[in-house]
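Read through the structure below, which is laid out as structure tokens, and then see the notes.
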Amino acid sequence: MNKHRARRLRSNAGMTLIELLLAVTLFGAISASMGVVLNVAFTSLNKIDAKVDFNRRVISSQRALDQILNGLIPVVTPCGGRPVGMMGSATAMRFLSSYSLTEGSRGRPQIVELFTAPSPNGGFRLLLNERPYLGKRMLTAICGLPFLTNDSSYILADRLERCLFSFRRIDRESGGEMWTPAWVFPEWPSAIRIDIAPVKFQANQIQPATVFAPLFVRNNNLDDPNL
């Protein structure tokens, strides 16, 4: 009797083929579901990382642009027929700044070139070139040169619908202000504005915005022999 019962228990031990197929199918279904969940999670993580990186680059570029404009050095040297060392138009400007994108505020002065160019991604892009300042003669010599993109050009903003420079002049007699798209006056402007608008507004992302920089420069054209 005991031998017969033990033999029956041994015959019922293990898994049948149907149970094995059910287990494999259930495992496959769970694995497939986990794969879909992980794929969605990684896709969302990549999108979040892309947005964070884009926002970081926009904030960093805006901050750098503010510091470069606020660091304008009013060196007096002939530039395009004017006594002030600055060239400005609606799409480009060249001036001397105490802030360097590569060296920060503690580096040597840089001749800064801000200009727009067509973007391969659509619209326009705002570009920055820097040249180490080696003296007034250098600034005068390159003042009228064209603005060219090179391997070291830094993209401050891309895919812009518009990027226009304008300059504020305060009338000394009336005290009224006037904004002009090109600087053709013998003194320094009282402010610089860069009107920026993206081609397409992206929700939940920081967008490049218009920059306004007041310039606290004394327009007495006093020459500094150390510049």
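We did not get these values from a lab; they are worked out from the coordinates using the rules stated. Worth saying up front: this structure is predicted, and the values here are computed from it rather than measured. Glycine gets a Cβ as well: all are built from the backbone with ideal geometry, and neighbour counts include every protein chain shown.
Ordered by packing density, taken as the mean number of other Cβ atoms within 10 Å over each peptide's residues, highest first, how do 33-40, 86-93 rank?
Working: 33-40: 10.0, 86-93: 20.0.
The packing order, highest mean first, is 86-93, 33-40.
Compute, for segment 72-214, the length of the dipole vector about the Cα centre, with Cβ point charges of +1 (Lys, Arg) and -1 (Asp, Glu) only. Units Debye, rounded to 20. Don't jump to the answer; show the numbers that get you there.
Details: 15 positive and 11 negative charges, 40 e Å.
That gives a dipole near 200 debye.
Highest mean first, what order results for 169-182, 148-161 on Cβ atoms within 10 Å?
In decreasing order of mean packing, 169-182, 148-161 become 148-161, 169-182.
Which of the three applies to segment 117-227, rounded, prolate or oblate, going by the alpha-carbon gyration tensor with a ≥ b ≥ c and a/c under 1.5 meaning rounded?
Details: a/c = 2.54, a/b = 1.36, b/c = 1.87.
Verdict is oblate for segment 117-227.
Tell me which residues come under 5 Å, amide H to amide H, from A117 once H is placed; ignore anything under 5 positions away on its chain.
R125, L127
R56 versus F212, label points 7 Å from Cα toward the beta carbon: distance in nm?
Between R56 and F212, the label points sit 3.1 nm apart.
Over the Cα atoms of segment 104-176, Rg to Rh with Kirkwood Rh, two decimal places?
Numbers: Rg = 15.8 Å, Rh = 14.7 Å.
When Rh is taken as the Kirkwood radius, the ratio is 1.07.
Can you tell me how segment 146-201 classifies by the Cα gyration tensor, rounded, prolate or oblate, using a/c under 1.5 as the rounded cut? Each step should come with its number before you reach the end.
Details: a/c = 3.81, a/b = 1.82, b/c = 2.09.
Oblate shape, in that a/c is at least 1.5 and b/c is the bigger or equal ratio.
When only Cα pairs under 8 Å and 6 or more residues apart are kept, what is the percent relative contact order across segment 72-214?
21 percent
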